[in-house]
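The values are calculated or read from the model by the stated rules, or taken from the named source; none is laboratory data. As the structure is a prediction and not an experimental result, all values here were calculated from the model. Positions of Cβ are generated from backbone atoms using ideal geometry, with glycine treated the same way; all protein chains shown enter the neighbour counts.
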Amino acid sequence: MADLKEKIEKATNFVIERVAESRPSAEIRPSGRGRGTGDIQQQIGIILGTGLGPLADRVEERVSIPYADIPFFPIATSHGHIGQLVFGKIGGKKIVAMQGRFHYYEGLSGEEITLPIRVMKKLGATILIESNAAGGLNPQFIPGDLMIITDHINFMGMNPLIGPNDDTLGPRFPDMSNVYDRDLVKLTEDVAREEKIKIYKGVYAGVTGPNLETAAEYRFFRIIGADAIGMSTVPEVIVAIHSGLKVLGISCITDRCLPDALTPANIDEILKVAASAEPVLTQLVAKVIEKI
């Protein structure tokens, strides 16, 4: 059975070859030190979660590779997650984007969920931009609001770094004092101000799902300091920090999770809210990428 480093290597080499086939004139050489060179060296990795799908339409010189074709990549099964790796440029920056992510509730391991982050690092990415749909615990939030993630609470009962550590991939005990890079947070605030986009900052709580939380659970998470809650992002961010990437995270608030005024969750309505917020979130992230 292949170990993690072998999986990263084989997946990376496969996508390099596939991109080379689409761009036959490109010079593409993977590096043994974890950074790509030539045309394949990507500056920014992006996870196009719920609320950021249309950003893929802004990718220039686009090459798309289905997850099903990439060695060791799982298949995205969640609603609205297309399931492909997208290469190209946004705002003059080379990007590699996951159009659809993986979740713990799909029955995947922490290693499987986060393998694409390792591949992004191997391809040369130095920044990871995350988006997600989240329930609003902060009573100030209304559906459709955007929140820059300033910190998170891992309540998923798992950590993708559990097990033997490969020091060539990252340290045994990665520091988490600046998980969501403060400079990227400030840049995003500045861009939102320039674009006249209302935006909040707050703490994201990561849970496993797939059920939504009880009123008592929502009350608990608010008491311990969470402003929003969702079923993704945290494992990806942990591995990004382990890999040495700077992280920017943005949540789209899709519903209000107020324990004393709780109504039955309507998944179709949640997806509708996420879709309505997509143009603003796409505008924000595209502008941020231009200014990085």
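Restricted to region 129-145, and to residues that are outside any strand (DSSP E or B) and of a type in the set (A, V, I, L, M, F, W, C), which residue is surrounded by the fewest Cβ atoms within 10 Å (Cβ to Cβ)? That would be ILE142.
A Cβ distance below 7 Å, combined with a sequence gap of six or more or placement on separate chains, defines the contacts here; from region 157-171, residues that are within 13 Å of HIS103 (Cα to Cα) and touching a residue at least 40 places away in the same chain (Cβ under 8 Å) reach residues that are surrounded by 14 or more Cβ atoms within 10 Å (Cβ to Cβ) and among the polar types (S, T, N, Q) in the pairs PRO160/THR114.
Of all residues in region 221-245, which are more than 18 Å from GLN42 (Cα to Cα) and either of a type in the set (Lys, Arg) or part of a loop (DSSP other than H, G, I, E, B) (or both)? Of everything in region 221-245, those that are more than 18 Å from GLN42 (Cα to Cα) and either of a type in the set (Lys, Arg) or part of a loop (DSSP other than H, G, I, E, B) (or both) turn out to be ARG222, ILE224, GLY225, ALA226, ASP227, MET231, SER232, THR233. The sole residue among VAL203, VAL247 that is surrounded by 13 or more Cβ atoms within 10 Å (Cβ to Cβ), out of contact with any Gly (no Cβ under 9 Å at 6 or more places or on another chain) and at pLDDT 95 or above is VAL247.
Is it the case that some residue within region 64-77 is of a type in the set (D, E, K, R) and either at positive phi or at pLDDT 90 or above (or both)?
As a first pass, look at region 64-77 and keep what is of a type in the set (D, E, K, R): 69.
From what's left, either at positive phi or at pLDDT 90 or above (or both): 69.
Yes: one or more hits.
Take region 17-31 and flag every residue that is of a type in the set (A, V, I, L, M) and either assigned to a loop (DSSP other than H, G, I, E, B) or at pLDDT 95 or above (or both).
Within region 17-31, the subset of a type in the set (A, V, I, L, M) is 19-20, 26, 28.
The one that is of a type in the set (A, V, I, L, M) and either assigned to a loop (DSSP other than H, G, I, E, B) or at pLDDT 95 or above (or both): ALA26.
Of all residues in region 181-237, those satisfying the criterion of being touching a residue at least 24 places away in the same chain (Cβ under 8 Å), among the β-branched types (Val, Ile, Thr) and out of contact with any His (no Cβ under 6 Å at 6 or more places or on another chain) are VAL185, THR188, VAL191, ILE197, ILE199, VAL203, VAL207, THR208, ILE224, ILE229, THR233, VAL237.
Take ILE82 and tell me if it is in contact with a Leu (Cβ under 9 Å, 6 or more places away or on another chain), surrounded by fewer than 21 Cβ atoms within 10 Å (Cβ to Cβ), of a type in the set (A, V, I, L, M) and modelled with pLDDT under 95. Yes. In the set (1) at pLDDT below 90; (2) closer than 18 Å to THR233 by Cα, the condition left unmet by ARG101 is number (1).
Against the list (1) among the small types (Gly, Ala, Ser); (2) closer than 30 Å to THR12 by Cα; (3) not in a loop (DSSP other than H, G, I, E, B), the condition GLY124 fails is (3).
Taken over region 89-128, the criterion of being crowded, with 18+ Cβ neighbours inside 10 Å and of a type in the set (S, T, N, Q) is satisfied by GLN99, THR114.
Please work out which residue is nearest to PHE141 (Cα to Cα), limiting yourself to region 246-269 and to residues that are β-branched (Val, Ile, Thr) and not in a strand (DSSP E or B). Of everything passing the filter in region 246-269, THR263 is nearest to PHE141 (Cα to Cα). Can GLY49 be described as within 18 Å of the chain's Cα centre (by Cα), crowded, with 17+ Cβ neighbours inside 10 Å, modelled with pLDDT of 80 or more and part of a loop (DSSP other than H, G, I, E, B)? Judged against the criteria, GLY49 is a match. Per the listing LEU212, LEU184, the residue uniquely of a type in the set (A, V, I, L, M, F, W, C), surrounded by fewer than 24 Cβ atoms within 10 Å (Cβ to Cβ), out of contact with any helix residue (DSSP H, G or I) (no Cβ under 6 Å at 6 or more places or on another chain) and outside any loop (DSSP other than H, G, I, E, B) is LEU184.
Of the residues contained in region 147-163, one or more are found to be of a type outside the set (Ser, Thr, Tyr), in contact with a helix residue (DSSP H, G or I) (Cβ under 9 Å, 6 or more places away or on another chain) and crowded, with 24+ Cβ neighbours inside 10 Å.
Residues in region 150-165 that are within 14 Å of GLU236 (Cα to Cα) and part of a strand (DSSP E or B): ASP151, HIS152, ILE153, ASN154.
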